[in-house]
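Accompanying notes for the structure given below.
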């Protein structure tokens, strides 16, 4: 009986000890997650074709976080990974344009003060220009990565049929997209 009681006490102590240890591990894990999390935007991988002036173009872009870029601290004090987008355009089986963009590529257009607390938060093809032009128009958005913020700076990227690129502040798009996190990627309207 003495051996049985010793065995029972040892089992209870070991069980209690294991439960306490597991609880401590859970608390530490929760603390680590909340104090060191860095926000990210969802990735997008788009591959579409479009006809401009009776010519078919295939464009592909990959919008992904880039952990090699400096972490962005938005005006609210939250940290986010910055992003990059790689755009490729082909026609008649030949690539006419290929470039990887980061927010730094827009530093001549976006004010420096705005740029310091912003990330590359969106990229999309601008279908509104399809019927009125013989070039491909894309919109890149630099802004606050917080999904509830509406601080954005849209940049229009124009690619000619020969693959030449120009950029300018996007006209008439002062506040669009207001919330890039709520847009449906299936509709190819960007992030």
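The values are calculated or read from the model by the stated rules, or taken from the named source; none is laboratory data. Only a predicted model underlies this, so the values are computations on that prediction, with no experimental measurement involved. Ideal geometry is used to build each Cβ from the backbone, glycine not excepted, and the neighbour counts take in all protein chains shown.
Screening residue 61 on (1) under 12 Å from residue 125 (Cα atoms); (2) without any contact (Cβ under 8 Å) to a residue 24 or more places away in the chain shows it passes everything except condition (2). Among the residues of segment 79-115, the ones that are in a loop (DSSP other than H, G, I, E, B) and over 15 Å from the mean Cα position of the chain (by Cα) come to 7 in all. Which of the residues belonging to segment 147-169 are part of a loop (DSSP other than H, G, I, E, B), on the phi < 0 side of the Ramachandran plot and modelled with pLDDT of 90 or more? 160, 161, 162, 164 - these are the residues of segment 147-169 that are part of a loop (DSSP other than H, G, I, E, B), on the phi < 0 side of the Ramachandran plot and modelled with pLDDT of 90 or more.
Does residue 68 satisfy the criteria of being assigned by TED's automatic domain parsing to the domain that holds residue 163, within 19 Å of the chain's Cα centre (by Cα), loosely packed, with under 14 Cβ neighbours inside 10 Å and at pLDDT 95 or above? Yes, satisfied. More than 27 Å from residue 55 (Cα to Cα), without any contact (Cβ under 8 Å) to a residue 12 or more places away in the chain and part of a helix (DSSP H, G or I): is that true of residue 129 in this structure? In short, no.
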